[in-house]
Amino acid sequence: MQNQGNPVEKVIKSDIWDGNNRTIYLHECEFCKISYYAPKSAHSKYCSKPCWGKAHQKRTDVNCHICNKLISKQTSKLKYSKSGLYFCSKKCKDFAQSMESDVVELRLPHYGEGKRIHYRKKALENFGAICSECGYSEMVKMLDVHHIDSNRANNKLNNLIVLCVWCHALKTREHLP
C-alpha cells in the first residue's frame, strides 16, 4: 500500500493520533503489514515500537536438533547454547536430554551426575521393583539396575534390567576367572 515512503492517499481528520484534531494518513506497517493512521510528518514505517524492534533484530534460521523443524533465533542469543544445539520446543529439548535420546552432546558437565540417578528411577518405574533373575522384591534399596552391555553411559531402557544386589554381583562377576 505504501510507495517509497509516501503515505497512502486515504486521508481523514481525527484526534486519534495525539488528541489534537489533525489530518492523518493511512499507512501500512512494513513488518506486520497492518494498516494504521499517522500524520504525514510521522516518518515511521512501522505501526508500533515492537514492530520496529522485531524488524531490526538480526535473526538466523537454524534447525531443531530433534525434529529438524526450521526455527528463527535471535543471532545475539545463539552464543548461549553450551552444546551448540537448538530446539523448537521444550518437548524436543526434554526428549534430547532423556535417556531414550542418542544426543550425546547434551551430556555435559553442567548437568552433573544426575543421569545415574535418573536411569535407576526410570528402570524401577518401567520394570517394577523386582529382580528379573530371582524375583526378590522385599526392599527397594537392595535392588540395583544393571547395564546389559556394561556401558554405564548407555542409559537407554533397552540396556537396563533390575537385579537384586546378589544377582547383580553374580552377573557383573561372571566374566572373572
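Ranking of HIS27, HIS146, HIS56, HIS65 by neighbouring Cβ atoms within 10 Å, starting from the fewest: HIS56, HIS146, HIS65, HIS27. Residues ARG120, ARG152, arranged from fewest to most other Cβ atoms within 10 angstrom of their Cβ, appear as ARG152, ARG120.
With a Förster radius of 41 Å applied to the C-beta separation of LEU26 and SER72, the computed FRET efficiency comes to 0.85.
DSSP loop (so not H, G, I, E, B), at most 13 other Cβ within 10 Å: list which GluC sites (Glu not before Pro) in the range 121-177 pass both filters.
Within the range 121-177, the qualifying GluC sites (Glu not before Pro) (loop, at most 13 other Cβ atoms within 10 Å) are GLU138, GLU174.
Mind running the shape call on the range 113-173? Use the C-alpha gyration tensor, a ≥ b ≥ c as the square roots of the eigenvalues: rounded below 1.5 for a/c, prolate if a/b tops b/c, oblate otherwise. It is oblate, given that a/c is not under 1.5 and a/b is not larger than b/c. Projecting the Cα positions of ILE161, TYR119, HIS146 onto the charge dipole of the range 113-173 (unit charges on Cβ atoms of Lys, Arg, Asp and Glu, taken about the Cα centre) puts TYR119 furthest along the positive direction. With a cut-off of 10 Å between beta carbons, the residues surrounding ALA55 carry a summed charge of +1, where Lys and Arg count +1 and Asp and Glu -1. Pairs exceeding a 24 Å alpha-carbon distance, out of LYS69/LYS121; LYS69/LYS90; LYS49/LYS90: LYS69/LYS121; LYS49/LYS90.
Each value in this text was obtained by applying a stated rule to the coordinates, not by laboratory testing. As the structure is a prediction and not an experimental result, all values here were calculated from the model. Heads up, the Cβs are rebuilt from the backbone with ideal geometry, glycines too, and the neighbour counts pull from every protein chain shown.
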